[in-house]
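K.L.:
Okay, here's the structure, questions in a sec.
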2 protein chains.
Amino acid sequence: MTTINDIAKMANVSRTTVSRALNNSGYVSEDVRKKIMSIVEETGYMPSVSAKSLRTKRSGVIGIILPRISTETASRLVNGINDVLSKQGFQILLTDTELQKDKEIEYIRLLKSRQVDGIILSATNINDELLQTIQDVDLPFVSLGQDFPGVTSVVYDDYAASVDVTNMLIQKGYDKIAFIGVGEEDPSVGYERKQAYLQTMAKHDLSVHDHWVEMGDFSIDSGYEGMKRILQNNDAQPNAVFAVTDRMAIGAMEYLKEQGYRIPEDIAVTGIGASVMSKYVSPSLTTVDYFNKEAGEEAARALVGQLQGKNTSKKIKNSYRLILRDSV
Amino acid sequence: MTTINDIAKMANVSRTTVSRALNNSGYVSEDVRKKIMSIVEETGYMPSVSAKSLRTKRSGVIGIILPRISTETASRLVNGINDVLSKQGFQILLTDTELQKDKEIEYIRLLKSRQVDGIILSATNINDELLQTIQDVDLPFVSLGQDFPGVTSVVYDDYAASVDVTNMLIQKGYDKIAFIGVGEEDPSVGYERKQAYLQTMAKHDLSVHDHWVEMGDFSIDSGYEGMKRILQNNDAQPNAVFAVTDRMAIGAMEYLKEQGYRIPEDIAVTGIGASVMSKYVSPSLTTVDYFNKEAGEEAARALVGQLQGKNTSKKIKNSYRLILRDSV
DNA sequence: CTGAAAGCGCTTACAG
DNA sequence: CTGAAAGCGCTTACAG
């Protein structure tokens, strides 16, 4: 491995000068700079990142913590984040909590020990220990998708979006709307979306039967099972179902199709997420586009801002858009 | 930041001893070890990765180069790789070439300079410069999906799988089979799959009209356009189409449905990839499961093998499975 | 069983 | 405009 010392020797200068030439810091005469650069070119020399990082306390790496690495949402977020960060010369270190919340804390610590320059966390819950850990590591930090008090957060307007979905269903004439959500320890997906649904129904004086409200776990399968449980109760059958994610909506559709229900004539279905799949299932799924890639970009930009010393915690609300398709 | 020196001071020992206790290297008396460990626990001390890496020349990071980070295939591969590598204490550094081939070379160099301990490359083409670069960096290296001469490679049996798909169609009575492939600079997806199709057709004395063979670029849209071009020629219309990826197959289906063709009565469609989507489109898509996650695991295991000094280049052929569904 | 010392490859005051 | 020296936080022969 060629080191800065080798380059210095070959150029007949000190390694101090080589360092300056490489980093455009301080004065280096044009002649010397050219000589150094041509030798660098020739040898294919690349500075050791660990030495540099040890010395400067900056690694050029940003840690990302995701609940699931293998979802479309995650891919889009990473895409957006990467677009912004790579332009700034940062690398990304990806971690996947597999939906286990203790791992969020574990990974924050791990990333800190890896000397990342900053962290973007897409959390599925909020709790004091997590908040404390974020405080403790004292690193440029951005939360994506959840609103953490005192922490720069890029969030979706979950409440407004879900109100819109519910209103849209009501305006289309559906008055018996069931709901498939997720656990409320997830403030954004679990709590906000459910509240929006319940309050919008109440506002329109529409009743919500207990058995109309089911919980899933983000999986297609849990949407299927949720729909099944809702319909197995013969009491009052809904004529629409609002699933809080596309995957659960698609699971619900599967069950409906299996049972011979027509969509949307017998039961309308809506999701959230605007997954590619939502466009190609039959009937195509009415859903909400959260512009995940843009959210990722926002988060990355907010982080870069912090890295450059703007330390005030910000709240950024990303926009969304309803996509009306054939399932309603 | 607490360093090893702080710990040493607090424990009244030298940092040498702390290092030994931390790494279980060399002798440390039980008493001293316990004392050190409790202080480490208390302070939440974590060794500096860059210092360690600078000293040991190992970073504990494995670089992954993918053609596209935001695809299901990529997600599954990363999942498999991560499962194996994280258990061994390795972190992953992900890079995305966005299908530009010069970036493959660029990233190999970049990862090298980042001091990664090894690289897994999922390439979309093979060329001499790339091969040379792999040689040059002289790092534990595994190719995933392409067979690189002299390099440990985990590959799919593209030829056999495509022969099976074509044979299956023929056995079901389809005798006019069109094909939507990708460019042949991609040996696995572009060349092998096409050869398998052509040779199987020839073997059965089935003719292949020129306009039956179209090229796409992996996107849904390119499948749509390919199908369109095939059918706009009125000469001889096919009664089946073999698209070499699910996404292109789904694009083809879109066009067919738009034009009022019935699938599979008028035209049968097949893909490769076993994407989640393939299961939920209508009709559900006949495809091939390549067990990507397992392939990722294999690649990671092969890399770990090299890391442990087994230096012989190996070839690992992953298995596959045909999934028969309603589109045929 | 333990420690002093060297050194990994950089950057950055400081001095000239 | 340039260089000598210190030091970042570790590990590892070497010596005891």
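The values are calculated or read from the model by the stated rules, or taken from the named source; none is laboratory data. Since the structure is predicted, the reported quantities are computational estimates derived from the model, not experimental observations. Note: ideal-geometry Cβ built from the backbone for every residue, glycine included; neighbour counts use all protein chains shown.
K.L.:
Within the range A:35-42, is even one residue free of Cβ contacts under 8 Å to residues at least 12 places away in the same chain, away from DNA strand D (no atom under 13 Å from the Cβ), among the hydroxyl-bearing types (S, T, Y) and over 30 Å from A:I134 (Cβ atoms)?
P.N.:
Step one: list which residues in the range A:35-42 are free of Cβ contacts under 8 Å to residues at least 12 places away in the same chain, which gives A:38, A:41-42.
From what is left, the residues that are away from DNA strand D (no atom under 13 Å from the Cβ) are A:38, A:41-42.
Filter once more, keeping what is among the hydroxyl-bearing types (S, T, Y): A:38.
With the extra rule that they be over 30 Å from A:I134 (Cβ atoms), the set shrinks to A:38.
Within the range A:35-42, one or more residues are free of Cβ contacts under 8 Å to residues at least 12 places away in the same chain, away from DNA strand D (no atom under 13 Å from the Cβ), among the hydroxyl-bearing types (S, T, Y) and over 30 Å from A:I134 (Cβ atoms).
K.L.:
Among the candidates B:I323, B:I272, B:I267, which residue alone is of a type in the set (V, I, T) and surrounded by fewer than 23 Cβ atoms within 10 Å (Cβ to Cβ)?
P.N.:
B:I323
K.L.:
Please determine whether any residue of the range B:226-236 is farther than 20 Å from B:L322 by Cα, among the charged types (D, E, K, R) and touching a strand residue (DSSP E or B) at 6+ places or on another chain (Cβ under 8 Å).
P.N.:
Within the range B:226-236, one or more residues are farther than 20 Å from B:L322 by Cα, among the charged types (D, E, K, R) and touching a strand residue (DSSP E or B) at 6+ places or on another chain (Cβ under 8 Å).
K.L.:
Which condition number in (1) among the polar types (S, T, N, Q); (2) touching a residue at least 40 places away in the same chain (Cβ under 8 Å); (3) near DNA strand C (Cβ under 7 Å from one of its atoms) is the one that B:S48 fails?
P.N.:
Failed condition: (3).
K.L.:
Just one of (1) surrounded by 24 or more Cβ atoms within 10 Å (Cβ to Cβ); (2) more than 12 Å from chain B (Cβ to nearest Cβ); (3) over 29 Å from A:F148 (Cβ atoms); (4) of a type outside the set (F, W, Y) trips up A:M277, so point out which.
P.N.:
For A:M277, the exception is condition (2).
K.L.:
Of the residues in the range A:107-131, how many are touching a helix residue (DSSP H, G or I) at 6+ places or on another chain (Cβ under 9 Å) and farther than 18 Å from B:S50 by Cβ?
P.N.:
Of the range A:107-131, the ones touching a helix residue (DSSP H, G or I) at 6+ places or on another chain (Cβ under 9 Å) are A:108-109, A:111-115, A:117-127, A:129-130.
From the residues that got through so far, the ones that are farther than 18 Å from B:S50 by Cβ too are A:108, A:120-127, A:129-130.
Looking only at that region, the number is 11.
K.L.:
Answer with yes or no whether B:I263 is in a loop (DSSP other than H, G, I, E, B), within 14 Å of chain A (Cβ to nearest Cβ) and in contact with a strand residue (DSSP E or B) (Cβ under 7 Å, 6 or more places away or on another chain). Walk me through how you get there before you give the answer.
P.N.:
On the way: in a loop (DSSP other than H, G, I, E, B): yes; within 14 Å of chain A (Cβ to nearest Cβ): yes; in contact with a strand residue (DSSP E or B) (Cβ under 7 Å, 6 or more places away or on another chain): yes.
Judged against the criteria, B:I263 is a match.
Here's the yes/no breakdown for (1) under 13 Å from B:L303 (Cβ atoms); (2) within 16 Å of DNA strand D (Cβ to nearest atom); (3) more than 8 Å from chain A (Cβ to nearest Cβ):
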site: B:A51; (1), (2), (3): no, yes, no
site: B:L54; (1), (2), (3): no, yes, no
site: B:S59; (1), (2), (3): no, yes, no
site: B:P67; (1), (2), (3): no, no, yes
site: B:T71; (1), (2), (3): no, no, no
site: B:N79; (1), (2), (3): no, no, no
site: B:Q88; (1), (2), (3): yes, no, yes
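K.L.:
B:I4 passes all but one of (1) among the β-branched types (V, I, T); (2) within 12 Å of another protein chain (Cβ to nearest Cβ); (3) over 30 Å from B:S188 (Cα atoms); (4) within 16 Å of DNA strand C (Cβ to nearest atom); which number fails?
P.N.:
(2)
Listed here are the residues, each with its yes/no results for (1) assigned to a helix (DSSP H, G or I); (2) surrounded by fewer than 22 Cβ atoms within 10 Å (Cβ to Cβ); (3) not polar (S, T, N, Q).
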{"residue": "A:E98", "(1), (2), (3)": "no, yes, yes"}
{"residue": "A:I108", "(1), (2), (3)": "yes, no, yes"}
{"residue": "A:K112", "(1), (2), (3)": "yes, yes, yes"}
{"residue": "A:I126", "(1), (2), (3)": "no, yes, yes"}
{"residue": "A:D136", "(1), (2), (3)": "yes, yes, yes"}
{"residue": "A:P149", "(1), (2), (3)": "no, yes, yes"}
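K.L.:
Here's a check for you: in the range A:16-35, which residue that is more than 43 Å from the chain's Cα centre (by Cα), within 13 Å of DNA strand C (Cβ to nearest atom) and not polar (S, T, N, Q) is surrounded by the most Cβ atoms within 10 Å (Cβ to Cβ)?
P.N.:
Only one residue tops the list, namely A:V28.
K.L.:
Could you say which residue among A:E294, A:E254 is in a helix (DSSP H, G or I), more than 20 Å from A:Q171 (Cα to Cα) and within 13 Å of chain B (Cβ to nearest Cβ)?
P.N.:
A:E254
K.L.:
Residue by residue through the range B:184-211, note down the ones that are of a type in the set (S, T, Y) and crowded, with 19+ Cβ neighbours inside 10 Å.
P.N.:
B:S188, B:Y197, B:T200, listed by residue number.
K.L.:
Which members of the range A:91-130 meet the condition of being closer than 22 Å to A:G309 by Cα, in contact with a Gly (Cβ under 8 Å, 6 or more places away or on another chain), modelled with pLDDT of 90 or more and not β-branched (V, I, T)?
P.N.:
A:D117, A:G118 - these are the residues of the range A:91-130 that are closer than 22 Å to A:G309 by Cα, in contact with a Gly (Cβ under 8 Å, 6 or more places away or on another chain), modelled with pLDDT of 90 or more and not β-branched (V, I, T).
K.L.:
Name the pairs whose Cβ atoms lie under 9 Å apart, with the first residue in the range B:105-121 and facing chain A (nearest Cβ under 9 Å), the second crowded, with 22+ Cβ neighbours inside 10 Å and part of a loop (DSSP other than H, G, I, E, B), and 6 or more positions between them or separate chains?
P.N.:
The qualifying pairs are B:R114/B:S59; B:Q115/B:S59.
K.L.:
Being of a type outside the set (A, V, I, L, M), within 13 Å of another protein chain (Cβ to nearest Cβ) and either touching a strand residue (DSSP E or B) at 6+ places or on another chain (Cβ under 7 Å) or surrounded by 19 or more Cβ atoms within 10 Å (Cβ to Cβ) (or both) is true for just one of A:G44, A:G63. Which residue is that?
P.N.:
Matching residue, one of A:G44, A:G63: A:G63.
K.L.:
Take A:M10 and tell me if it is within 42 Å of the chain's Cα centre (by Cα), more than 9 Å from DNA strand D (Cβ to nearest atom) and among the hydrophobic types (A, V, I, L, M, F, W, C).
P.N.:
Judged against the criteria, A:M10 is not a match.
K.L.:
Here is a further query. Looking at B:S162, B:S219 in this structure, which one is among the hydroxyl-bearing types (S, T, Y), at negative phi, out of contact with any Cys (no Cβ under 9 Å at 6 or more places or on another chain) and modelled with pLDDT under 95?
P.N.:
After applying the criteria, what remains is B:S219.
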